[in-house]
Amino acid sequence: MQHLPFDNSYSRLPPRFFARVQPDRAPDPHLIRLNHGLAAEIGLDPGWLESAAGLAMLSGRDLPTEVESIAMAYAGHQFGGWVPQLGDGRALLLGEVVGPDGIRRDIQLKGSGRTPFSRMGDGKAPLGPVLREYIVSEAMAALGVPTSRSLAAVATGETVYRERPLPGAVLARVAQSHVRVGTFQYFHARNDRDGIRELADYALERHFPGTGDTGTPYRRLLDEVIRRQASLIARWMGLGFIHGVMNTDNMQIAGETIDYGPCAFMEAFHPGTVFSSIDHGGRYSWVNQPAIGEWNLARFAETLLPLLDATDQESALAEARGALSEFGVAFSAELSAVFRRKLGLDEGRDDDGIKQFIDSTFSVMATQKVDFTCFFRELTRVADRLIRDRSPVSHDLPDTFRELFADPSAADSWFEGWRTHFAPESSSAPPRAVAMQRVNPVLIPRNHRVEEVIRGAATGNFETFHRLVDALKSPYREQPGYSDLERPARKDEVVHQTFCGT
């Protein structure tokens, strides 16, 4: 049997940080897919993981002796409502591995059964949400977005009951951390200052070593979490990604996307787009994500007040407000940079004209119901052709771009403005066009394709799942064999709602 290089630092924290739990034994586990590349990246042998012993661990059926499975305690605001205890209701942290790259990562099973935090739930996961998280998390990684990863999807051989009976599954998830804003809130709600300090010290040592010597370490922690979240949310928005459930217990302090529930990529652009079946008020819409991110970070800052200044509350509040004031600045700068690259605009120019043009682009896209991904990728092709051919006039705009607009003449009008800003004759245009290819994907996990995978898997057909995962490994590259996956949903294929799976 392979020796597993687990080093379970979180389980060495005080017992009130977690509960020791054994997973349920999956009755008849079958490996659906193993992520060979990720296994090698974190220092695990893919061959062993595919063996009977490896499958037993990945399904939770039988854990190696090196594993110290725990369910982490945390609290959180869910859709703005306070819940003092949530915790890992259907997940178990098996331990941590340090990969050949020196990065420490958690390995967690999601859907492995009840824990003390299950809140009357069964702790299980239906097959559909497991496949959705595998597809979307791996797509996000390939798109260059910080994210948790999917190591393996395993069918458990049991039935899970939701609105109807569904096949059960377990996801083996990898992340640099499962510490959340809600983890800090758990101790803050109990006035457990020692717990907050121990958690903050743990986070600093594990995730933010060497962040500088100025100021207090806890202010540095707050600053780093704010900076990473500002960058992360801007990257989401640059891909049309909507997380769908930005509760404080779903905001990870290391700055990775985590907890892919009712997430989706929008097709026809509209800033207020929502997919989550439980987000009735649009709290977590595409355009609201930065405001919610800032709100969550304010809750995080509240937990750190006793550490920012233990004797002077006003001083602590001033520190927190100073840190939080930087979120909007950092986010705006990052979002501007994201869309400048996507549009091929000169990042060296800092003027109101470019900002106004980006804002007007959003307005035109919304009015014309333009597909978000196709718009930017077709524009990338147009930019490349303009540079190669030195094509000087707007009527040379290809039909493939004009047809994205409800009114093709609106494409011509918008293009005139874009071409002025892009300036194909400029010496900086070719590298800007290359940069566009690196940020405007050809492929995303379109919602109707994910639903197609889930429907097929329910009947035991995983071909569409494997094909979609394979295609999404190279989202920025033209892949003729997968060109059908570029197509937006037809009217009869549009997915209006996505679901959490709990």
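The values are calculated or read from the model by the stated rules, or taken from the named source; none is laboratory data. In this text the structure is predicted, and so the values were computed from the model without any measurement. Here the Cβ is made from the backbone with ideal geometry for all residues, glycine too, and neighbour counts use every protein chain on show. Surface areas here come from the heavy atoms of the whole protein model, side chains and all, with no ligands, DNA or RNA. Shrake-Rupley method; radii C 1.70, N 1.55, O 1.52, S 1.80 Å.
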Among residues other than GLN108 whose Cβ falls under 9 Å from its Cβ, what is the net charge (Lys/Arg +1, Asp/Glu -1)?
0
Given a 1.4 Å probe and every protein chain left where it sits, what share in percent of the accessible area of the stretch 143-190 is carbon and sulfur?
48
Probe 1.4 Å - accessible area at CYS500, Å² to nearest ten:
40
Fraction in percent of alpha-carbon pairs per bin - 10 Å, the stretch 98-205:
13, 33, 33, 19, 2
How large is the Kirkwood hydrodynamic radius of the stretch 96-159, counting all unique pairs of alpha carbons, in Å?
13.7
Which value, in debye to the nearest 20, describes the size of the charge dipole of the chain about its Cα centre when Lys and Arg Cβ atoms bear +1, Asp and Glu Cβ atoms bear -1, and nothing else is charged?
660
Mind checking the angle between helix 352-368 and the chain's longest principal axis? C-alpha axes, 0 to 90 degrees, to the nearest 10.
80
Using the Karplus curve 6.51 cos²θ - 1.76 cosθ + 1.60 with θ = phi - 60°, work out ³J(HN,Hα) for each residue of the stretch 255-272 in order, rounded to whole Hz, and write x for Gly and Pro.
x, 9, 5, 9, 6, 7, x, x, 6, 6, 9, 6, 9, 4, 6, 7, x, x
Using just the helices of the chain, give the 222 nm mean residue ellipticity in deg cm²/dmol: DSSP H runs with n ≥ 4 each add -39,500 (n - 2.57), and the total is spread over all residues, rounded to 500.
-14000 deg cm²/dmol
Helix 408-422 axis, angle to the chain major axis (alpha carbon atoms, nearest 10°):
80
Over the stretch 128-278, average the accessible area per residue using a 1.4 Å probe and give it in Å², no decimals.
29
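Highest first, please rank the peptides 298-306, 354-362 by the mean number of other Cβ atoms sitting within 10 Å of their residues. Each step should come with its number before you reach the end.
Numbers: 298-306: 20.3, 354-362: 15.4.
Descending packing order for the listed peptides: 298-306, 354-362.
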For the stretch 360-502, what percent of Cα pairs sit more than 26 Å apart?
35
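Which semi-axes, in whole Å and largest first, does the equivalent ellipsoid of the stretch 190-282 have when worked out from the alpha carbon gyration tensor as the square roots of 5 times its eigenvalues?
Details: eigenvalues 199, 52, 19 Å².
Largest first, the stretch 190-282 gives 32, 16, 10 Å.
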Here the Kirkwood hydrodynamic radius of the stretch 1-145, Cα-based and in Å, equals 16.4
Among the listed pairs LYS342/LYS369; LYS369/LYS491; LYS124/LYS491, give every one whose C-alpha distance is greater than 24 Å.
LYS124/LYS491
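Explain nothing, just the number: dipole magnitude of the stretch 383-502 about its Cα centre with +1 on each Lys and Arg Cβ and -1 on each Asp and Glu Cβ, in debye rounded to the nearest 20. Before the final figure, lay out the partial values.
On the way: 16 positive and 18 negative charges, 80 e Å.
For the stretch 383-502, the charge dipole is close to 380 debye.
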Could you give the dipole magnitude of the stretch 101-158 about its Cα centre, charging the beta-carbon of Lys and Arg +1 and that of Asp and Glu -1, in debye to the nearest 20?
160
How do the peptides 7-20, 217-230, 446-459 rank, highest first, by the average count of neighbouring beta carbon atoms within 10 Å per residue?
217-230, 446-459, 7-20
Of the labelled options (i) 23.4, 69; (ii) 29.7, 98; (iii) 24.4, 80, which one gives Rg and Dmax of the Cα atoms in Å as computed for this structure?
(i)
Rounded if a/c is under 1.5, else prolate if a/b is larger than b/c, else oblate: which is the stretch 428-474, with a ≥ b ≥ c the root eigenvalues of its Cα gyration tensor?
prolate
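Per residue, what accessible area does the stretch 23-105 have, given a 1.4 Å probe and all protein chains present, in Å²? Could you put the intermediate results ahead of the total?
On the way: 3060 Å² over 83 residues.
It amounts to 37 Å² per residue over the stretch 23-105.
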Express in Å², to the nearest 10, the accessible area of TYR74 obtained by rolling a 1.4 Å probe over the protein heavy atoms while all chains stay in place.
20
Expressed as an acute angle from 0 to 90° and rounded to the nearest 10, what is the orientation of the C-alpha long axis of helix 313-343 relative to the principal long axis of the chain?
40
At a 10 angstrom cut-off on C-beta neighbours, averaged per residue, how do the peptides 239-247, 381-389, 426-434 rank from highest to lowest?
239-247, 381-389, 426-434
If you bin every alpha carbon distance in the stretch 150-234 into 5 Å steps from zero, what whole percent lands in each bin?
3, 11, 15, 17, 13, 11, 9, 10, 7, 3, 1, 0
Let me cross-check LYS124: its accessible surface, 1.4 Å probe, with only protein heavy atoms counted, in Å² to the nearest 10?
30
